[in-house]
Amino acid sequence: MGLSIKTEEADRLARELAQLTGETLTEAITKAMRERLERLRAEQAAKGDYIERVQAFVQEHAHLFDRRPITKQEWDEACGDTPEQLGLPKW
């Protein structure tokens, strides 16, 4: 089998990797490609089940949060928008 490296940069990177790892060019290139493929496959798998993982997380943790609708007064108090906090007179 043959692999043709056609750029100086690719050749330099492959040789530097082989030198740093103590591997042959073939071993270094094979391992680098294998590791990158594993990362890419893992990223794709993670993206594929993202919605399912988020839904499972929500179902698992929903009981920990108060999910009832809040009143305008509660919202204003939480945001610091009460007349007192804004320095406005009370009506």
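The values are calculated or read from the model by the stated rules, or taken from the named source; none is laboratory data. Computed from a predicted structure; not experimentally measured. Reconstructed Cβ throughout: ideal geometry from the backbone, glycine too, with neighbour counts over all protein chains shown.
In table form, for the structure just shown:
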{"read-out": "Number of positions in region 19-33 that are of a type outside the set (A, V, I, L, M) and either exposed (fewer than 10 other Cβ atoms within 10 Å of the Cβ) or not in a helix (DSSP H, G or I) (or both)", "value": "3"}
{"read-out": "Criterion: loosely packed, with under 10 Cβ neighbours inside 10 Å and modelled with pLDDT of 80 or more - qualifying residue of Ile51, Ile70", "value": "Ile51"}
